[in-house]
2 protein chains.
Amino acid sequence: MNTHTVTIGQVTRELPSVLVGNVRQVPLVEFLGDSEFTKAAAEAMLPLIDPGTEILLTVVTNALPLVHEISDRSGIPYVVARKKRRTYMHAPLIQEVPSMSLGVNETLWLDGRHAERLSGKRVLIVQDVVASGGSALALTRLVERSGGELAGYLAAFRQGESPLPLKYLQELPKSL
Amino acid sequence: MNTHTVTIGQVTRELPSVLVGNVRQVPLVEFLGDSEFTKAAAEAMLPLIDPGTEILLTVVTNALPLVHEISDRSGIPYVVARKKRRTYMHAPLIQEVPSMSLGVNETLWLDGRHAERLSGKRVLIVQDVVASGGSALALTRLVERSGGELAGYLAAFRQGESPLPLKYLQELPKSL
């Protein structure tokens, strides 16, 4: 099995390759279950935070510990969009994700209480991996619809040629 | 609107009340988007970790930053069960959650690579809130099926009378 080795700070991980759509092997990044790797990535991403950023916006699930760490270390609060409606949401913003690579439509849900936190703020969109950029575009719409102003895009890894002006630590191969 | 105030360490939060099943108002705990509250809870939970615990097991989504913090502070690694099949999973364990309060059946998925990490280990099940205990029981089955040994149950909050031998920081009211 092919693997792809990444080193961030003092931490090295051998990423396993996984099959996507039965056609190509891609390296799998997992921050869930790996607090050491998560902390190394968060630390390395801090200098890439756009100056003037007042709040971070991310989406469940894989980026959650990473964005928690970035928020903690930078002192910048964060907001999380969900991929399912939660029964407790009040006046949520509902945003379709443009389908590019997956062929499935996803929907993002942002609780109205959290949308209010973005209003009038400079918002940095933070993700673990940006591939097609579909989720990033949906998050951008949520920033606009919340009355926030986009500060930029930040990810640990870029995988493929997203047209977004993305800051990231490392490029991942699209196939292994 | 009723609220419920909790204080953990130096951090106080006014939990909003949300409607569940159109019948009762319950306090809503959100660790997502609140790194300060997350860190306070993780710190307070450290003394409640069962001695001899070798690995932590949790389930997506709300507990993720919390368990990341507990893992980081305790030096004990953690594993995450998912609620959806991921295309990259290899030989996953599939476990139904006994339906108690929700009336919907949920299924947990544990990637085979992560199940292996539990094998032969003393596993502590960690959650943000334990109400009916259904998820905790499904996680218990995943520990057994992975060849691990249950070390115990730990949560930030208990809500209701779960029969589990649960260690927790605080009791939450079942209705407001």
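Data for the structure
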item	result
Reachable lysines, given that their alpha-carbon falls under 21 Å from the alpha-carbon of A:K167 and they are not under 8 places away in the same chain	A:K39, A:K121
List of segment A:25-59 residues, accessible area with partners at least 30 Å² below that of the chain alone (1.4 Å probe)	A:L28, A:E30, A:L32, A:G33, A:S35, A:K39
Computed log₁₀ I(q)/I(0) - Debye formula, equal Cα scatterers, no solvent, segment A:1-59, q 0.14, 0.15, 0.25 Å⁻¹	-0.55, -0.61, -1.05
Relative contact order (%) - criterion: Cα under 8 Å, at least six apart; region: chain A	21 percent
Segment B:26-86: C-alpha gyration tensor shape, a/c 1.5 cut-off, then a/b vs b/c	oblate
Estimated D of the protein assembly as shown in µm² per second, where Rh is the Kirkwood radius over Cα pairs and Stokes-Einstein applies at 10 °C, 1.306 mPa s	76 µm²/s
Accessible area per residue in Å² at 1.4 Å probe, computed on chain A	43 Å²
222 nm mean residue ellipticity, helices alone, for chain A (DSSP H n ≥ 4; -39,500 (n - 2.57); rounded to 500)	-7000 deg cm²/dmol
Within the accessible area of chain A (1.4 Å probe), percent carbon and sulfur	49 percent
At 0.692 mPa s and 37 °C, Stokes diffusion of segment B:3-172 via Kirkwood alpha-carbon radius, µm² per second	200 µm²/s
Shielded residues, segment A:74-95 - accessible-area loss of 40 Å² or more between chain alone and all protein chains, probe 1.4 Å	A:Y78, A:R82, A:Y88
Estimated buried accessible area (total), pair A and B, 1.4 Å, Å² to nearest 100	2500 Å²
Which of B:L46, B:P27, B:A138, positive extreme of dipole for chain B (C-beta unit charges)	B:A138
Percent of beta bridges antiparallel (DSSP, segment B:3-172, rounded to nearest 5)	45 percent
Segment A:74-176 - convex hull of the alpha-carbon atoms, volume per residue in Å³	111 Å³
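The values are calculated or read from the model by the stated rules, or taken from the named source; none is laboratory data. Only a predicted model underlies this, so the values are computations on that prediction, with no experimental measurement involved. Every residue, glycine among them, receives a Cβ derived from its backbone with ideal geometry; neighbour counts consider all protein chains shown. Accessible surface areas use protein heavy atoms only, side chains included; no ligands, DNA or RNA. Shrake-Rupley method; radii C 1.70, N 1.55, O 1.52, S 1.80 Å.
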